[in-house]
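Asks: A single structure is presented below for examination.
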Amino acid sequence: MSNNNDILWRYNEQVNKPLAEKVTTAFLSEQTINEVVAFHQSFSQYVVTPLQSLDRLAKEFNVGKIWVKDESHRFGLNAFKVLGGSFAIGKYLSEKLGLPMNQLTFEMLKSSAVKAEIGEVTFVTATDGNHGRGVAWAANQLGQKAVVYMPKGSAITRLANIRAEGAVAAITDLNYDDTVRLANRHAQENGWVVVQDTAWPGYEKIPTWIMQGYATIIREALEQIVEAGDEKPTHIFLQVGVGSFAGSILGYLADKFGEERPATVIVEPDKAACLYKSIVADDGEPHAVTGDLNTIMAGLACGEPNSISWGILRDYAEWYAVCPDYVAARGMRLLANPQGSDPRVISGESGAVGLGLVSLLAERDDLKPITEKLKLNQTARILIISTEGDTDPITYKDIVWNGAYPYVK
């Protein structure tokens, strides 16, 4: 472990275990994700989100390639989360109907006949904003109800966006993990269905479906890279809250490519680094962090790892990094102000932290040993997934226009 001007690093020795001792990634197999993508393609709103190639920036950072998958274009919701919530709700309804997913489309699930057979279902979740908006949107599209609880400090704009999708929503006085417990308790009291993008003992089925839903992103990205005539990434930087998103992407890559998968760097905010804490503990078990979890990276402000994704991240991710807020802010400014002919990407706090970290690895002398160990050189092809746009416009403007959370050399 090293401490470089408040960025913490940890190489994960668990990746060196024999494959037979690692958790399975079979639930993210190519065959399974074929079904997921087919379901998402059945949405009338479906389009492949852009994969932007930042060639000028790659040259500036002395690497071969930098791609940014821009999820701000996903279904008009400004974030990727709807992919997980919609697939999980679709799977839940398919089980209620007794029909396999490959016989159903999103349009079929919207029909009055399905509503008459299933009745009215209320889906409930806890969220900092993006996941709840996706669940609310999917429930509303399918003629069902949604109730959404948000942790204290959540942006009012995100609350308004969730309510605009027809959900009953409120900001609590609890942190994220306690808000999850609140949602689960209300579900038990009222007969609601929890659609949560984290897992705990006894609650694994729906979180597994959510992780499968997220894998549409990496399937699209790899196909876009092939279509452009490029080779697959050598490196991928994945931001982490509870770990569902990162576990989905890494699990798919591990199942598809095995030992030839891209080297993975897991990136967390310093106020909510539960995966880093779990790796440092070196006992193979997930560990929680507590407190208010105050960070501008609201989508990553989670203190308890997803019990499903934890095993994947523990067994297959090479590096863990913990970043202060200025790293995310720097990534946002870099994407908003591209060099040369590079395209502009509007990326929110949780979406930009990976690129912010790449920029510091390229520029800071004190990080050169890490850069060398990662082999971030002219042969490196780096994939970043910008998971959200300006979902909190006030904070976005303050950072990009006014220079909030500056990087001080």
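The values are calculated or read from the model by the stated rules, or taken from the named source; none is laboratory data. All values reported here derive from a predicted model rather than from experimental measurement. Here Cβ is always computed from backbone atoms with ideal geometry, including for glycine, and neighbour counts include all displayed protein chains.
Asks: When you go through (1) over 19 Å from Asn16 (Cβ atoms); (2) buried (at least 22 other Cβ atoms within 10 Å of the Cβ); (3) of a type outside the set (D, E, K, R) one by one for His235, which number turns out not to apply?
Replies: (1)
Asks: Is it true that Glu71 is at pLDDT 95 or above and more than 25 Å from Ala254 (Cβ to Cβ)?
Replies: For Glu71, the condition - at pLDDT 95 or above and more than 25 Å from Ala254 (Cβ to Cβ) - is not met.
Asks: Specify which of the listed residues (Thr157, Thr105, Thr125) is in contact (Cβ under 8 Å) with a residue 40 or more places away in the chain, more than 29 Å from Gln224 (Cβ to Cβ) and in contact with a Phe, Trp or Tyr (Cβ under 9 Å, 6 or more places away or on another chain).
Replies: Matching residue, one of Thr157, Thr105, Thr125: Thr125.
Asks: A further question follows. For segment 374-383, indicate whether the set of residues that are outside any loop (DSSP other than H, G, I, E, B), touching a Pro at 6+ places or on another chain (Cβ under 7 Å), modelled with pLDDT of 95 or more and surrounded by fewer than 24 Cβ atoms within 10 Å (Cβ to Cβ) is non-empty.
Replies: Checked segment 374-383: at least one residue is outside any loop (DSSP other than H, G, I, E, B), touching a Pro at 6+ places or on another chain (Cβ under 7 Å), modelled with pLDDT of 95 or more and surrounded by fewer than 24 Cβ atoms within 10 Å (Cβ to Cβ).
Asks: Being modelled with pLDDT under 95, within 26 Å of Cys274 (Cα to Cα) and among the hydrophobic types (A, V, I, L, M, F, W, C) narrows it down to one of Cys302, Cys323, so name that one.
Replies: None of the others qualify; the one that does is Cys302.
Asks: Quick one: His287 ticks every box in (1) within 19 Å of the chain's Cα centre (by Cα); (2) of a type outside the set (S, T, N, Q); (3) farther than 21 Å from Leu253 by Cα except a single one, so which number is it?
Replies: (1)
Asks: Another question, if that's okay. Suppose the filter is crowded, with 20+ Cβ neighbours inside 10 Å, at pLDDT 95 or above and out of contact with any Leu (no Cβ under 9 Å at 6 or more places or on another chain); does Ala329 pass it?
Replies: So Ala329 fits the description; yes.
Asks: If you check Ala263, Ala160, Ala169, Ala164, which single one turns out to be buried (at least 22 other Cβ atoms within 10 Å of the Cβ) and modelled with pLDDT of 95 or more?
Replies: Only one candidate passes the filter, namely Ala169.
Asks: Does segment 98-127 hold any residues that are part of a loop (DSSP other than H, G, I, E, B), surrounded by fewer than 19 Cβ atoms within 10 Å (Cβ to Cβ) and in contact with a strand residue (DSSP E or B) (Cβ under 7 Å, 6 or more places away or on another chain), and which are they?
Replies: Matches in segment 98-127: Glu120 only.
Asks: Let me ask something additional. Of the residues Phe39, Phe75, Phe43, which is of a type in the set (Phe, Trp, Tyr), part of a helix (DSSP H, G or I) and more than 27 Å from Val322 (Cβ to Cβ)?
Replies: None of the others qualify; the one that does is Phe39.
Asks: To continue, here is another question. Is it fair to say Ser53 is hydroxyl-bearing (Ser, Thr, Tyr) and closer than 30 Å to Thr371 by Cα?
Replies: yes
Asks: Mind checking which residues of segment 255-289 are over 18 Å from Gln239 (Cα atoms) and of a type in the set (A, V, I, L, M)?
Replies: Hit for segment 255-289 is Ala281, nothing else.
Asks: Conditions first: (1) part of a loop (DSSP other than H, G, I, E, B); (2) within 22 Å of Tyr46 (Cα to Cα); (3) in contact with a strand residue (DSSP E or B) (Cβ under 6 Å, 6 or more places away or on another chain). Ile162 passes all but one, so which condition is the exception?
Replies: (1)
Asks: Could you say whether any residue in segment 84-97 is surrounded by fewer than 17 Cβ atoms within 10 Å (Cβ to Cβ), of a type outside the set (D, E, K, R) and either under 30 Å from Ile384 (Cβ atoms) or in contact (Cβ under 8 Å) with a residue 60 or more places away in the chain (or both)?
Replies: Looking through segment 84-97, none of the residues is surrounded by fewer than 17 Cβ atoms within 10 Å (Cβ to Cβ), of a type outside the set (D, E, K, R) and either under 30 Å from Ile384 (Cβ atoms) or in contact (Cβ under 8 Å) with a residue 60 or more places away in the chain (or both).
Asks: Being crowded, with 21+ Cβ neighbours inside 10 Å and more than 23 Å from the chain's Cα centre (by Cα) narrows it down to one of Thr371, Thr387, so name that one.
Replies: From the options Thr371, Thr387, the qualifying one is Thr371.
Asks: Count, please, the residues in segment 13-55 that happen to be exposed (fewer than 14 other Cβ atoms within 10 Å of the Cβ) and over 22 Å from the mean Cα position of the chain (by Cα).
Replies: Selection size over segment 13-55: 8.
Asks: Residue by residue through segment 347-368, note down the ones that are crowded, with 20+ Cβ neighbours inside 10 Å and hydrophobic (A, V, I, L, M, F, W, C).
Replies: Ala352, Val353, Leu355, Leu357, Val358, Leu360, Leu361, Leu367
Asks: Given the criterion in contact with a helix residue (DSSP H, G or I) (Cβ under 8 Å, 6 or more places away or on another chain), in the same structural domain as Thr395 (by TED's automatic domain parsing) and closer than 19 Å to Glu60 by Cβ, identify the matching residue among Val327, Val322.
Replies: After applying the criteria, what remains is Val327.
Asks: Taking segment 184-209, which residues are of a type in the set (A, V, I, L, M, F, W, C) and part of a helix (DSSP H, G or I)?
Replies: Listed by number, the residues that qualify are Ala187, Ile206, Trp209.
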